[in-house]
Amino acid sequence: MKSLIIAIVALVILSSCEKVVELDLNSADPKLVVEGLINNEAGPYVVNLTYTTNFFNPDKIPAVMGASVIVSDDAGQVDTFTEIEDGVYMSGHLQGIEGRTYFLNVIVDGTTYSAESYLPFERPIDSVLSEKIKFPGTPAHAPKFYLISTYFTDTVNVVNHYRFRTYLNGVVIDDISLLNDELNDGESMSLQQFTADFKKNDTISIELCSIDEKVYTYYSTLADVMNTNPMSTSAPANPISNISNGALGYFGALSSSKMSIVLK
Amino acid sequence: MYSATSFAQSKYTISGYVRDATNGEELIGATVYISELQDGTISNEYGFYSITLPKGNYQVEFHYMGYVSVKQRVTLNQNQSIIKELSPNALDLEEIIISGERDDKNVKSTEMGTMKLDPAEVRMIPVLFGEQDILKTIQLMPGIKSAGEGSSGFHVRGGGADQNLILLDEAPVYNASHLLGFFSVFNSDALKDVKIIKGGMPAEYGGRLSSVLDIKMKDGNSKGYDFSGGIGLISSRLTVEGPIVKDKSSFIVSGRRTYADVFLKLSSREELKNTQLYFYDLNVKANYKISDKDRIFVSGYLGRDKFGFNDVMGVDWGNITGTLRWNHIFSDKLFSNTSLIYSDYNYEINASFGDDKISILSGIQDFNFKEDLQYYLNSKNTIKFGLNAIYHTFIPGKVEVSSLDTLFKIEDDFALETAAYVSWESEITSRLKINAGIRFSDFAALGPGDVFTYNEESIVTDTTNFRKNEIIENYWGFEPRFSASFLLNEKSSIKASYNRNRQYLQLVSNATSGTPMDAWIPSSNIVKPGISNQVALGYFRNFNDNSFETSVEIYYKELQNQVDYKNGADLMFNPLIESQLVFGDGRAYGLELYIKKRSGKLTGWISYTLARTENQFDEISNGSWYPVKHDRTHDIAIVGMYQFNEKWNVSATWVYNTGDAVTFPSGKYMIDGRLVSYYTERNGYRMPDYHRLDIGVTYYRKKTATCESSWNASLYNAYGRENAYTINFRQSEDDPNVTEAVQMSLFRFIPSISYNFKF
């Protein structure tokens, strides 16, 4: 909100100007980046391994080839992933099951990186409703837009963390809306979305993912970095990863439920 | 033998006030000089002086910068009260006679790291949108750095923007900026005296680590009515002052309001038309002389910023201060001031969504009692002592939703901050002067409330409930202060100072400065009070009969218990905000050069600072020392004013500083189909160097007995330097694999014009 205010004030009163500048940035040593997701739907699941690269390097992000990737769970499943294309590793028989904890073990050039993530129980979406309202405070004849409200019920006495993905006609348009039940444990909760992008006859799908706390922390710190604005945030820093040994990225287990509506 | 003892016993005191003859305003820091004894004193912050001398015949001289000196013969055989009124010099600077005794205060006093601003001089200096602003002007002094383009936030000798004690008629001002920092809350028209102390703070000041900015409002003309004001591009000002009862009681009312929003209404763009954007200030003061020994003052400040967008979202914030003071002269040697002070800072965010209206309120409120006593033992020794007690209420956040009851409220915090001090100013020999003092301060965080303890992963491990006024945590400590000056000869001196300061409230800011949403966090079971230790050494020398003033100062400052946010801190109205903090140390050192030309047609100064400011937090950059954002190696300001004749004055300022330390990415990677920056160390890069030239011209209309007026035109950033305000990174629109850096700059060639009048 703060950055919004500053942006508006800057727009309104200041004669600001923008230009692309040349900057000389250091080249840091490449670091391993892990991106792995297990869910409660049928596999296969994928783990992507890449390296960081120089900031102004225009080439594709380098992939990590020939790594060993093993995912196991606390019920005795062990699955060795196979590399199906450069840096993309796919599971075999592994099946994500609610209530289990999953362990990732990656070996790259003799260094082991590990992570664990709990696969929470699925929370069903109760309803997705839409209504047409005008932008608050605008005159009576102002155009109306769709307000989408997604309702679900939190489980009592369990710490829950949620991530939403919103699809517009099958394309992800938002995937970093986060909620937790710190202040309303066990209550009915809702997410409201209001944009001018929604039109009549569009299909809106909402996916509610239950995630564990460390994955939630990763997403929320990732959101901070993505929104980096030197005036609005503290000094930028890397998102807080759940992977050991200084690797970037995250390994997450999640359960998801989905509901769609067609706008009328 | 008899005559000797009799002589020793027969000492008498001359005491009284020094005032401006035109409006009756007390003059602060006027010199009272006894030429026979080559001894003297200066008037205090209420214009009162007292000097005790052996019986005899003396010539007493009264001097004040910019005023015609007055001499008076006194036969001293009993205690005497002398109230002296001095007349200001004419504008023609060539006629001003520079006299040796009065203009060498900078060399002879024990004050170091102290700068005084003359509001008249501030008026000449060109500024953004022509809004005169003392907070902008002090940033042109050595050791004082701007928090950024157009910002009224400032850093003194490496200290944080929250480490400045900003006092308006003794009331602490918690947020001194308007419009997100582009303007300060101080309306120059209502101000009488501005003093900033960077080091060697006397013991009467406390509560902040790095500096004191002591601002006194005018008392109001006690001789006749005055109307003055100005009309500018951004705002207009009007001040009315005059006697309530002639020579006994006077008042001043000064107001200012911006009208940018009026122009927005004229805009053809709908979204601008519905934008509300303004601020206003109101300064009010009145005083009454009950008797020769008693005088009361009531002063107040009210300022508010309003920003609203389409009734959808609004932010409004501001300060309110009020001061009730009673000056009492117990005897001609003992001066007392008792103050009751109220300060309040709060902000409110309003948003509406559908039929729901949400409001978020946050702020800080103080009730403050102060008792200060000055005892003029003899002409060589003055003792000051006093007490202070402040009851703080912190409102970290209260959220209300119109359709529900209060959604949730973070508990208010309460605290009692108390202090006692004593200081002794003495002329040990004719060359050596010292000012030694000690301050004791205590801070008690009080109930009611729940107090949390956290484990290393920021999870609450324990909650303790405290009753009303029960002490949750108590901190106390001594703050020794010492400064000394040694006169090498009539023109030069060396000075040294040491001070320790304690600060019990810290502002945890995640932005440059002056955003209204920054939170003041009191010391608690988790947050320890900040402590600073500073040593400074200086050489002061005047040239050409005091027309040039120069100084060299070096300082080293150590800061303990500094606060910063954790990486990825969750801040907005978090009831467990203390779990989001990390604690560390700071250090700052530097060299300051200053040369000022005080008289003649050309006046002005050059200041240069070479400095380094670093922090060390275990959680940041692997625990190594890293430069803080406002660490600027070089900082230069050149200020020049040229008075062509009675009608024309031109002025120019040029500033240059090393770019701020900043965190830029040293790599990138892909997550969830997004390009993400990879950071290696905190503040490892620099923004581009900053420089800017501003010029101004003032034209004075012919002055008549009742009326004077002037036109002022200025050009900010005269050569249109595109100084980087922010640098952001983004994926190129043409090729998502290509990343580019985008610099945003503000304020190129900002002209302004204003008209000022007084009648």
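Within region B:695-716, is there a residue that is among the acidic types (D, E), in contact (Cβ under 8 Å) with a residue 24 or more places away in the chain, at negative phi and in a loop (DSSP other than H, G, I, E, B)? Spell out how you get there, then give the answer.
If we filter region B:695-716 for residues that are among the acidic types (D, E), which is where we start, we get B:708.
Filter again for in contact (Cβ under 8 Å) with a residue 24 or more places away in the chain, leaving B:708.
So of that shortlist, the ones also at negative phi come out as B:708.
Narrowing the set further to residues that are in a loop (DSSP other than H, G, I, E, B) leaves none.
Within region B:695-716 (the criterion being among the acidic types (D, E), in contact (Cβ under 8 Å) with a residue 24 or more places away in the chain, at negative phi and in a loop (DSSP other than H, G, I, E, B)), the answer is no, since none of the residues qualifies.
Consider B:Q72 carefully, then state whether it is at pLDDT 75 or above and either assigned to a strand (DSSP E or B) or touching a His at 6+ places or on another chain (Cβ under 6 Å) (or both). So B:Q72 fits the description; yes.
Could you check, for region B:629-650, whether at least one of its residues is within 11 Å of chain A (Cβ to nearest Cβ), surrounded by 18 or more Cβ atoms within 10 Å (Cβ to Cβ), without any contact (Cβ under 8 Å) to a residue 40 or more places away in the chain and more than 30 Å from A:V46 (Cα to Cα)?
Within region B:629-650, none of the residues are within 11 Å of chain A (Cβ to nearest Cβ), surrounded by 18 or more Cβ atoms within 10 Å (Cβ to Cβ), without any contact (Cβ under 8 Å) to a residue 40 or more places away in the chain and more than 30 Å from A:V46 (Cα to Cα).
Taken over region B:732-759, the criterion of being more than 20 Å from B:Y700 (Cβ to Cβ) and outside any strand (DSSP E or B) is satisfied by B:S732, B:E733, B:D734, B:D735, B:P736, B:N737, B:V738, B:L746, B:F747, B:R748, B:F749. Taken residue by residue, region B:273-289 has at least one member that is more than 30 Å from B:G47 (Cα to Cα), modelled with pLDDT under 85 and outside any strand (DSSP E or B). Does region A:161-172 hold any residues that are away from chain B (no Cβ under 12 Å) and either over 12 Å from A:I204 (Cβ atoms) or under 12 Å from the mean Cα position of the chain (by Cα) (or both), and which are they? Within region A:161-172, A:H161, A:Y162, A:F164, A:T166 qualify. Take the conditions (1) away from chain A (no Cβ under 14 Å); (2) more than 19 Å from B:V650 (Cβ to Cβ); (3) buried (at least 19 other Cβ atoms within 10 Å of the Cβ); B:T706 misses just one of them, which is (3).
When region B:46-93 is examined, which residues are found to be aliphatic (A, V, I, L, M) and free of Cβ contacts under 8 Å to residues at least 40 places away in the same chain? Spell out how you get there, then give the answer.
Filtering region B:46-93 down to residues aliphatic (A, V, I, L, M) leaves B:51, B:53, B:60, B:65, B:68, B:70, B:74, B:76, B:82-83, B:86, B:90-91, B:93.
Answer for region B:46-93, where residues must be aliphatic (A, V, I, L, M) and free of Cβ contacts under 8 Å to residues at least 40 places away in the same chain: B:V68, B:V70, B:A90.
From the list A:L32, A:L4, A:L11, which one is surrounded by 20 or more Cβ atoms within 10 Å (Cβ to Cβ) and either modelled with pLDDT of 90 or more or more than 7 Å from chain B (Cβ to nearest Cβ) (or both)?
On the way: A:L4 fails: surrounded by 20 or more Cβ atoms within 10 Å (Cβ to Cβ); A:L11 fails: surrounded by 20 or more Cβ atoms within 10 Å (Cβ to Cβ).
Sole residue among the options that is surrounded by 20 or more Cβ atoms within 10 Å (Cβ to Cβ) and either modelled with pLDDT of 90 or more or more than 7 Å from chain B (Cβ to nearest Cβ) (or both): A:L32.
Which members of region A:51-77 meet the condition of being within 12 Å of chain B (Cβ to nearest Cβ), within 23 Å of A:V215 (Cβ to Cβ) and free of Cβ contacts under 8 Å to residues at least 60 places away in the same chain? The answer is A:Y51, A:I61, A:V64. For region B:652-664, state whether one or more residues are polar (S, T, N, Q), closer than 26 Å to B:A718 by Cβ and over 24 Å from the mean Cα position of the chain (by Cα). No, region B:652-664 contains no residue that is polar (S, T, N, Q), closer than 26 Å to B:A718 by Cβ and over 24 Å from the mean Cα position of the chain (by Cα). Being away from every other protein chain (no Cβ under 14 Å), more than 30 Å from B:L507 (Cα to Cα) and of a type in the set (V, I, T): is that true of B:I296 here? Yes: the conditions hold for B:I296. What are the residues in region B:709-759 that are among the aliphatic types (A, V, I, L, M) and either surrounded by 17 or more Cβ atoms within 10 Å (Cβ to Cβ) or away from chain A (no Cβ under 11 Å) (or both), if any? Hits for region B:709-759 are B:A713, B:L715, B:A718, B:A724, B:I727, B:A741, B:M744, B:L746, B:I750, B:I753. Note on region B:147-242: enclosed strands (runs of 3 or more DSSP E) holding 1 or more residues that are of a type in the set (S, T, N, Q) are B:164-168, B:211-217, B:226-231.
Residues in region B:664-694 that are assigned to a strand (DSSP E or B) and at the interface with chain A (Cβ under 7 Å from one of its Cβ atoms): B:G667, B:K668, B:Y669, B:M670, B:I671, B:R674, B:V676, B:S677, B:Y678.
Checked against the criterion of being charged (D, E, K, R), over 30 Å from B:S50 (Cα atoms) and either in contact (Cβ under 8 Å) with a residue 60 or more places away in the chain or assigned to a strand (DSSP E or B) (or both), the candidates B:D372, B:D366 yield just one match: B:D366.
If you filter region A:56-103 down to residues that are touching a Gly at 6+ places or on another chain (Cβ under 6 Å) and within 23 Å of A:K31 (Cβ to Cβ), you find that the one that is surrounded by the fewest Cβ atoms within 10 Å (Cβ to Cβ) is A:A63.
The values are calculated or read from the model by the stated rules, or taken from the named source; none is laboratory data. All figures in this text were calculated on a predicted structure; none of them were measured in a lab. Cβ coordinates were reconstructed from backbone atoms using ideal geometry, including for glycine residues, and neighbour counts include every protein chain displayed.
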